[in-house]
Amino acid sequence: MTSSRFFSWALKAYLAIFFVYLFLPLIIMAAATFNDSRFPTVTPWSGTTLKWFSALWADSGMWSSLTNSLLVAAGVLCLAVPIGVASALFLTTVEGRGKSFIYTLILSPLLTPGVIIGISSLIFWRGWGLNGGILLTVIAQSAFIAAYVMLMVTARLQRFDRTLERAALDLGATQWQMFRRVLLPYLKPAILSAAVLAFLQSLENYNTTLFVAGYDTTLTIYIASKVRTGLTPAVNALALLMILFTVGLAMIYEIKRRREANVARQRIGPA
Amino acid sequence: MDGRVSLDRVAMRFGDFTAIQPTSLEIQSGEFFSFLGPSGCGKTTLLNIISGFLTPSEGKVSIGGEEMIRVPVNRRPTAMIFQNLALFPLMSVYDNIEFGLEVRGVDRSARRRKADELLELVALGGSGHKPVSELSGGQKQRIAIARALAVEPRVLLLDEPLSALDLKLRQHMRTELKAIQRQTGITFIYITHDQGEALTMSDRVAVMSAGRIEQIADPMTLYRDPATAFVAGFVGENNRLAGHVTAADGELVTLDAGLAVAVSGRARQPLAVGDSASLYVRPEQWRVGTPDDLRLPFSGIVQAEHFEGAWLTLEVALDSGPTLRVQVPHVVTGDGVDAQLRVGGSCRLDYSPREAVVLPGAEPSPEAGEVADVAATA
Amino acid sequence: MWQQLHNRFGLPLTMAIVGLLGVWLILMVLLPQWQMIDYSFHPSLLPSERGGEKDVWTLANYVTFFHNDIHLAIFFKTIWSSVLVTALTLVVSYPLAYYLAKVATPGQAALCLLLLIVPFWINEILRTFAWYIIFAFRGPLNELLFALGLIDRPIRFLNGDTGVLVGMVYAYILFMVFPLYNAIESLDGNQIRAARDLGAGWLRTHRRIVIPHAKPGIATGCIMTFMLAAGSYAVPALLGSPGSRWFTQIIYNWFFEGGDWNQGAAYAFLLLALCILFVTLVMRIFKVGLGDIAK
């Protein structure tokens, strides 16, 4: 089958091109950090340097925006994770009329452009005397990040064996004790994953934050403003550090997940 | 500890569907009581009503003389062994067993003492720190029992707990469950569709069909004196011969079942001449003889033979049409009756009327699948 | 609903669940959207004039939009470009999703998925910034093309829409690959083999077997990509030029440069309406429900 061979060859070539397309920009961006040039570029290469790291270290604007970003992310964790878990519990418990309407409402933030979420939050909360800033950013970001948390927790909750709940009640537990000792431990891995995701989503958000941050510049807004005014390879140094941070986090997460999968497999093995 | 359970006109409806017809019954303290019936007969619903997971549409439930309807699940003096056991997968064996005590605020050392005691009882001493996922099927079973006993229930409810085990283990666990019940003196209420389980372990069995209790009796009575066509067909194997009553002499009733000879058996309720009725004779109650043994009144031809170890099951077509299932002991030496029976050969048969039961009605019970239905076409 | 929750969780937890859900849906989703729409139908007033006789219901903000040829042009350009981005992303993602779902061994697929995710754990600004470097007037792309002898003078990539399109495809590709992958993965491999066995060529097999099966995934991917593209601010701001503005940039200007929030709210509502229209249209065309999207 020559056509089959042609297609499988073409597919492989395509994959190679695709992954180059995926990673080359990041590699070039990282490489530009070490170029001794006033602008972030790799052409021409005017000598290797580490000075942009120290320039970044000395940049007080970067530090204050990083602090703001971390504060926002922490706030989002506190707000979006409980909301997401609550709505997952709601969706897996109730049946009947009205559920599909609420389900649509719950999903709608995922299908709404981020700028709209930012704008509507800005307008609504100004009426309550709350202007742009860290608090408003937490509220606006949580509006859609909670939906991601909901999706991840619901996925695990749907596989929960409800007889465990009945067993707990039958043994005398109150509903709260059942939740605390049986349901919550079961949901823990999903909640942790959702929390990591929520944290990263918050850190990297730009479209929504742009409208609600006020004078509390976050890291993404700081980077964007740097790109347009006063661009130096210090931005690349920051990018490189963020890449290393996220890749590191991704790897820890992946290794942990694999180890857990292995442990689970070994336990099933000898039984 | 009073483990009496009484149901007073308990009924359960889901919309238009009646899951339980109004039912009253008394279970004695310390009794091993089983509900036996095919799936969908309402036995699990009844168990859920006793445990408190369901509130009946009407009627009263009391345990040890105390009214239970308003008592929520987690306050009832019952404990349940679930079909899939429902052990908490993320907890150790100790945590599972101690769960019920922990939520009652019992302190740690008392909990541990109780757990160790129970682990000894179920012969799993020393495995308290294991994660539940490392246990075998039989061990999980025992832990589930220990977990339920830890809360010192007055009544233990068991929802087909052995159905996930393989045959040998299942038979072994029957003995063990019965032993634990004797040792603890707790009322056991056992739900099953497996009559072997119900008959071997129970003091009394309630046979259920379509939301109704057909009969409550000890296993022996249930087998020898079925009260309804359903019970006659569902519990054990049976041959049914349908016809109408020609003579009634006290307990002994004679039927014309369209055969060469009239048949008779014991009736549990008075029947009048002319009533339609059915006679039930168990396969092992037939006496089988060679074709020349004219003391035996029925004759037929062997259609098929099934070797079952100790027994040989024959399908015998009577001369007048219906086919019977007949069991004869298998004799290894080769000089018993069974050595002379061949597929296609003829034989003669008889049974003792004292071992046959007559019940009203000529129609088979639609749900009693096991009946070898041999209603005469006459 | 209350009863079902109460039966399962008891009073305190039910109150917490309903409370959190209520705060979210009412205070963070419904009322803000409602307020934004309400705003768009009112004139921009000084705080002292609010509630006064000038505070009337008006279509003026929308009239402004339909009389502004430049804004209209940018609106339609945004729609057209977003559709183009969506189509391009679909074409680029499909072979990859197919490979991951049906050709790769489980090990290869796991590795590829991890490689795919890593760039997307890095934020959109930085991903876009990387392309900014590549596309620069004296950047590596121009140098490469020059060295290959394809051009004799650098091209200003960042002046037109090219940069924006490439940057957007790059930024949103994962939102297309994952739904496609999930949908194709659930296709029974024997169906593909049967089609091949019955003599269908590769193209026909895809057109008749794989693509119809992947419809919910295609719909989800297209909806997400279109929504992200039409609502994007970062990519056009970084890779575009004043000549290739995006509708979101006009909205931003009304808010933070024009200072007319009511006018901005009207523009934002137009964008929202556009996205709702697109979502409904795609769901209608592909005959999929909201439940298929949330996977």
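Coordinate-derived values only; no laboratory data. What you see is a predicted model; the values in this text were computed from it and never measured. Note that we place each Cβ from the backbone using ideal geometry, even for glycine, and neighbour counts take in every protein chain shown.
Provide the packing ranking of C:199-205, C:246-252, C:46-52, i.e. peptides ordered by the mean count of other C-beta atoms within 10 Å per residue, highest first.
Output ranking for C:199-205, C:246-252, C:46-52: C:246-252, C:199-205, C:46-52.
Where does the range C:112-161 land on the Kirkwood hydrodynamic radius, alpha-carbon pairs, in angstrom?
Roughly 12.5 Å, rounded to one decimal.
With labels modelled as points extended 7 Å from the Cα through the Cβ direction, what inter-label distance (nm, one decimal) is found for B:ALA262 paired with A:LYS51?
With each label placed 7 Å out from Cα toward Cβ, I get 12.5 nm.
Taking all pairs of distinct Cα atoms, average 1/r, flip it, and tell me the Kirkwood hydrodynamic radius of the range B:190-241 in Å to one decimal place.
The answer is 11.1 Å.
Can you give the helix-only mean residue ellipticity at 222 nm for the protein assembly as shown, where every DSSP H stretch with n ≥ 4 adds -39500 (n - 2.57) and the sum goes over all residues, rounded to the nearest 500 deg cm²/dmol?
When only DSSP H runs of four or more count, the value is -16500 deg cm²/dmol.
From the residues A:ALA58, C:CYS112, A:PHE90, which one has its Cα farthest along the dipole of the protein assembly as shown in the positive direction, the dipole being from +1 and -1 charges on Cβ of Lys/Arg and Asp/Glu about the Cα centre?
It is A:ALA58.
Relative to the Cα centre, what is the charge dipole magnitude of chain A, using +1 at the beta carbon of each Lys and Arg, -1 at the beta carbon of each Asp and Glu, and rounding to the nearest 20 debye?
Charge dipole, chain A, about its Cα centre: 700 debye, nearest 20.
Counting Lys and Arg as +1 and Asp and Glu as -1, each charge on the Cβ, what is the dipole of the protein assembly as shown about the Cα centre in debye, to the nearest 20?
3180
In whole Å, what are the extents of the range C:160-266 along the principal axes defined by its C-alpha atoms, from largest to smallest?
65, 27, 17
If you take the alpha carbon radius of gyration of chain A and divide it by 2.2 N^0.38 Å, what ratio comes out, to two decimals?
Working it through for chain A, the quotient is 1.28.
Do the alpha carbons of any pairs in A:LYS99/C:LYS215; A:LYS188/C:LYS287; A:LYS188/C:LYS102 sit beyond 28 Å of each other, and which pairs?
In this structure, A:LYS188/C:LYS287; A:LYS188/C:LYS102 lie more than 28 Å apart at Cα.
Express in whole angstrom the spacing between the alpha-carbon centres of the range B:69-125 and the range C:48-73.
69
Sequence neighbours fewer than 8 away in the same chain don't count; with that in mind, list the lysines whose C-alpha is under 21 Å from B:LYS43.
B:LYS60, B:LYS178
Per-residue HN-Hα couplings for the range B:98-113, Karplus 6.51 cos²θ - 1.76 cosθ + 1.60 at θ = phi - 60°, whole Hz, x for Gly and Pro?
Ordered by residue, 3J(HN,Hα) equals 7, 3, x, 7, 4, 5, 8, x, 6, 6, 3, 5, 5, 4, 5, 4 Hz.
When you have a sec, figure out the Kirkwood radius of the range B:144-186 from all distinct Cα pair distances and drop it here in Å to one decimal?
11.2
What is the mean number of Cβ atoms from other protein chains located within 10 Å of the Cβ atom of each residue in peptide A:37-47, rounded to a whole number?
Across A:37-47, the average partner-chain Cβ count within 10 Å equals 3.
For the range A:1-60, compute the orientation-averaged projected area of the C-alpha convex hull (one quarter of its surface), in nm².
5.8
Under a Cβ-only charge scheme (Lys and Arg +1, Asp and Glu -1), can you give me the dipole magnitude of chain B about the Cα centre, in debye to the nearest 20?
With only Lys, Arg, Asp and Glu charged at Cβ, the dipole is about 1320 debye.
Separation of the range B:1-30 and the range A:124-196 by C-alpha centroid, Å?
Taking the Cα centre of the range A:124-196 as reference, the centre of the range B:1-30 is 39 Å away.
Hydropathy at least 1.0 by Kyte-Doolittle, axial extent at least 30 angstrom from the Cα trace: which helices of chain A, defined as entire DSSP H runs, fit?
Sorted by number, the helices that extend far enough and score high enough are A:2-32, A:60-93, A:134-157.
Can you pull the percent of Cα pairs in chain C with separation above 28 Å?
56
Dipole of the range B:84-239 (Lys/Arg Cβ +1, Asp/Glu Cβ -1, origin at the Cα centre): which of B:LEU119, B:GLN171, B:VAL106 lies farthest to the positive side?
Final value for the positive-end residue is B:VAL106.
Helix B:167-184: angle to the longest alpha-carbon principal axis of chain B, degrees 0 to 90, nearest 10?
60
Using a Gaussian network for chain B with springs between C-alpha atoms less than 10 Å apart, which of these wobbles most: B:VAL302, B:VAL253, B:VAL358?
B:VAL302
Projected onto the charge dipole of chain C (+1 at Lys/Arg Cβ, -1 at Asp/Glu Cβ, origin at the Cα centre), which of C:GLN35, C:PRO140, C:THR64 gives the Cα projection farthest towards the positive end?
It is C:PRO140.
For the range C:50-148, which GluC sites (Glu not before Pro) pass both filters: DSSP loop (anything but H, G, I, E, B) and at most 10 other C-beta atoms within 10 Å?
C:GLU53
Rounded to a whole number of µm²/s, how large is the Stokes-Einstein D of the range B:54-164 at 25 °C and 0.890 mPa s, given Rh as the Kirkwood radius over C-alpha pairs?
Using the Kirkwood radius from Cα pairs, D works out to 165 µm²/s.
Taking each residue of C:5-13 in turn, how many C-beta atoms of other protein chains fall within 10 Å of its C-beta, and what is the average?
That works out to 6 on average.
Against the empirical 2.2 N^0.38 Å scaling, what ratio does the C-alpha Rg of chain B come to?
Computed over Cα atoms of chain B, the ratio equals 1.18.
Based only on Cα atoms, what mean projected area does the convex hull of the range A:29-156 have, in nm²?
So the Cα hull casts an average projection of 11.8 nm².
What's the whole-number percent of alpha carbon pairs in the protein assembly as shown lying beyond 54 angstrom?
39
Scattering from the C-alpha atoms of the range A:138-219 alone, worked out with Debye: what is log10 I(q)/I(0) at q = 0.12, 0.19 1/Å?
Log10 of I(q)/I(0), two decimals: -0.50, -0.83.
How compact is the range B:1-124 by the rule of thumb for globular proteins, expressed as Cα Rg over 2.2 N^0.38 Å?
Ratio of Rg to 2.2 N^0.38 Å for the range B:1-124: 1.23.
Two decimals is fine: what's Rg over Rh for the range B:181-285, C-alpha atoms, Kirkwood radius as Rh?
Rounded to two decimals, Rg/Rh equals 1.07.
So how far, in whole Å, is the C-alpha centre of the range B:278-328 from the one of the range B:191-256?
Measuring centre to centre over Cα atoms gives 21 Å.
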